[in-house]
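Encoded as structure tokens, the structure appears first; notes follow it.
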Amino acid sequence: MVTKALDSALDAQELGGDQRALLDLIEKLQFAQLDNVKLPQIVVVGDQSAGKSSVLEAITGTPFPRDAGACTRFATEIRLRRSAQSSITVSIIPDKNRSFKEQERMREFAGRVDGNTPFEAMMRNAVELIAPKNIPGRFAARDILVVEKRGPDLPLLTLVDLPGLVRNANNDQSLDDIKTIEALSDRYMRSSRTIILAVVGGNSDYVQAPILTKARQFDPKGSRTIGVLTKPDLTESIGLEDKFLDLVKNKDKRNEFRLGWYVLLNPGPREQGQPWPSAQERRHVESEFFSRGKWRSLPESICGAGALIRQLSVQLQGHIGRHIGVLRKQIQKALDDTDAELQSLGIGRDTPQEMRIDLVELFSASKELVIPALYGFYKNPPKKNFFRVTADPKGTPAQNLRARAAEENDRFSLKVRAHGRKFNFSTNGLQGPTDPAQQSSMKRDFVRQEVEALLRQIRGSEFPMDPKPRAVYMLFQQYSESWPKLAQEHKDNLGVVCNEFLSELIDYEWPKRMREPIRREFLEPQMRALMEKAQRELDLLTQDMNLEVQPYDPEYEERLRNWRVSASKEGAHFTEAEEVLEKMLIYYELSAKGFIRNVITQVVERHLLQGMYSIFNSVGVLGMTDDTIEAIAAENKETRDRRQTLKVQKKAIEEAKDICSSLAMRKELRMSLRSSPMRIRMTTKLPGHLPELPVENHAEKKSHRLPKPAERVQVTPVPSDLVVRGSSSP
């Protein structure tokens, strides 16, 4: 019966808001499913026949389904909370690796137990949703079933019940299922932040219990394991009563736990429909059992559900509190990582108009980065970190667009001056042979082999000794024939510089899902257009090289006169071919300066660099069709689902962070958690050094039997800030 199931199994526990906050913190982190945050928690582990269900029932006062396959295929989180009204709710925390649709379907499964929906029926429905019997691998589910019970007399406690360990395969569980169950248990137990509640049944020799082997494996010092013996009334029938008594008295050194052993008596079998025993009835039965026979030798502090619950509450709260500092750092990192991933996904938009607005904002933000890059002051806009503030050992970063362009311009200028001429000699000290005699020799050879031959081959109807005016232009075209190739390389190199800059900008500013679409749908066509304009401009410049236009530069005349004077002073007689060569060389050098400047200004600056300035004008977005807008900004289902999952996760992380911050401000809580690790000090040496439970005014609580003098112990009181006297608020 539901009303009977809601009966309290406990005496009122005076627990305060700090304990509630500690448990709320773990709930938020559990919901967020953070891989890198190991949660302080208590896990209930034992064989399938060890009586784990009875332990949970003793703690919660609620009967759990008992058949082997009902609720032991995955972790079940049991939360007990203080509330004026009694209630039980069942919900599911879905595995984050499930699809978003599956996660939503499981989150929607949440119900309150009432007369129309019995607890057992709701549990079975949840089990079938998480791990349907007809689906292979149902034991591999990493979803968490959450059972939350509230009531006026409940302690603040959270337990994680793990599937019962199975020794041999059976009709319901294969060998693969057994391995999966063990892997799930191992995953929880190996964490140093897990308190292991190891349940052992008194119906078989405990030396065969796999849970004790695992407890020794993952907690070799026994510092974070609490042992629980169930079915103590069956130990005598198998002839092991004394052995089990030594076990729970911590005399078995192989299975000695610093947090002690506790003994719970399982209720007897019930007829179908018979109500579950109330807390008072259970206490009466336990009191009768532990007050007779050999079990009377045990201290009251380890007998019965109440003793276990008090120990669990204190240990869990202290355990969580001692990890607050580390959790705060891990929570902040998880929040930063979640924010970064959300930012990379961008803000979700549904209609073309919303997407267009989103693109306008991104274009505006992008232009804020283009301007300082283009004009070379590299100042980051507010809250941006696009430009480096230190030198990059690998070279000028792609973000520094103007600096990269200047470097390419320098290379182009040097290449034209050094490699633009067909023959490597010079008249004014530009790169070429530095030995004057060597220069003169090379020029004489060139005059004889090239210039004189050219003059003979272009004779027309002019009189002998008349100059041939086209000879200089024709020789210049031959001498500068590599200019178009060098200019083409420079234009292409600047195109690479611009593309690398845009790539850095897009990767920094744009959501990850939009990066490839914006490149494909917009940037690549825009860059092709800019490169085509630059190419047309370059083609015009190279075509102009064929035009026979006088230099119209006084420097030309001055240098030619100086050459003639210099040649006359030396008494040399220069031929027509030598003068034609000298005129061409002067014309070449003057034209090279203009060509370099024109390529940089008219091709690179006008079309490529200034194109960077206008490429992110918002008017470009306004001119896009709806199809283009959707191709760039629309997101796929996976992105939408991932964003929604991250938002839910972020909310839980933020709530956990707020709880941590609030707890950190509690100076008394911090001091008590540091100075009082909630360990028990004993003035009377008990057999096996049994730990006693720290309970305020324990001696005044009503006892079911009087302990023997040798059993009386002195306990360390619970820190005052962890026990709120007279508090009845939830």
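Quick look at the values:
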quantity: Estimated D of the range 357-623 in µm² per second, where Rh is the Kirkwood radius over Cα pairs and Stokes-Einstein applies at 25 °C, 0.890 mPa s; calculated: 113 µm²/s
quantity: Residue-span extension gain [residue 343 to residue 485] - 0.36 nm each, minus C-alpha spacing; calculated: 46.7 nm
quantity: Estimated inter-spin distance, residue 524 and residue 468, nm [label 7 Å along Cα→Cβ]; calculated: 5.3 nm
quantity: Two-site FRET efficiency, residue 626 against residue 236, from Cβ-Cβ distance with R₀ of 60 Å, rounded to 0.05; calculated: 0.15
quantity: Hz values of 3J(HN,Hα) by residue in the range 160-167 - Karplus curve (6.51, -1.76, 1.60), Gly and Pro given as x; calculated: 10, 8, 9, x, x, 5, 10, 7
quantity: Förster radius 30 Å - calculated FRET efficiency between residue 213 and residue 87 (Cβ-Cβ, nearest 0.05); calculated: 0.15
quantity: Förster radius 22 Å - calculated FRET efficiency between residue 288 and residue 251 (Cβ-Cβ, nearest 0.05); calculated: 0.30
quantity: Contour excess over end-to-end distance, with Cα ends at residue 601 and residue 552 and 0.36 nm allotted per residue; calculated: 15.6 nm
quantity: Residue-count net charge about residue 581 - beta-carbon cut-off 9 Å; Lys, Arg +1, Asp, Glu -1; calculated: -2
quantity: Net charge of Cβ neighbours under 15 Å - reference residue 198; Lys, Arg +1; Asp, Glu -1; calculated: +2
quantity: Sequence-distant residues sharing a close amide H with residue 75 (under 5 Å, placed H); calculated: 145
quantity: Per-peptide average of other Cβ atoms within 10 Å, ordering 236-242, 512-518 highest first; calculated: 512-518, 236-242
quantity: Label-point separation in nm, residue 569 to residue 371, each point 7 Å along Cα→Cβ; calculated: 5.7 nm
quantity: Virtual spin-label span in nm between residue 396 and residue 648, 7 Å along Cα→Cβ; calculated: 5.0 nm
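Every number in this text was worked out from the coordinates using simple rules, so none of it is lab data. All figures in this text were calculated on a predicted structure; none of them were measured in a lab. Positions of Cβ are backbone-derived with ideal geometry, glycine not excepted, and every protein chain shown enters the neighbour counts.
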